Amino acid sequence: MTAIPAVTTLRYSGSTLARFMMASLFDQNFRYTDRARAIFKELQRNLHPIYRELMEEGFSPREITALVTSAAAQTENAAIAEWEEARGSSHNRAESQTTA
């Protein structure tokens, strides 16, 4: 299946920062592409040992998921900030980051 490019507009504090074409991990029927399925499996392989270790220490899977979700969101924010800096954006990096 071929990914359909999507036009994405990033908005921070009400201002439009960038408009660009991005590849999609979903097909025209909103199902994962082959690439998305491969990424999903890789993420599962990497997360499973972390969950196993932390659950053996007695931590709740729900609480582990809260940490994983927060880490993913902060990683996304950092990746966007790096992408903007690489393209010479004058955007204030602090505005695009959140805290848990």
I'd like to verify a number: residues in the stretch 24-72 that are assigned to a helix (DSSP H, G or I), among the polar types (S, T, N, Q) and either at pLDDT below 95 or open to solvent by 80 Å² or more (accessible area, probe 1.4 Å) (or both), how many? 3
Quick one: residue 21 ticks every box in (1) modelled with pLDDT of 95 or more; (2) open to solvent by 80 Å² or more (accessible area, probe 1.4 Å); (3) not in a helix (DSSP H, G or I) except a single one, so which number is it? (1)
Based on what the data block shows, is residue 75 open to solvent by 50 Å² or more (accessible area, probe 1.4 Å) and at pLDDT below 95? no
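The values are calculated or read from the model by the stated rules, or taken from the named source; none is laboratory data. Just so it is clear, the structure is predicted and the values come from calculations on it, not from any experiment. Only protein heavy atoms, including side chains, enter the accessible area calculation; ligands, DNA and RNA are left aside. Shrake-Rupley method; radii C 1.70, N 1.55, O 1.52, S 1.80 Å.
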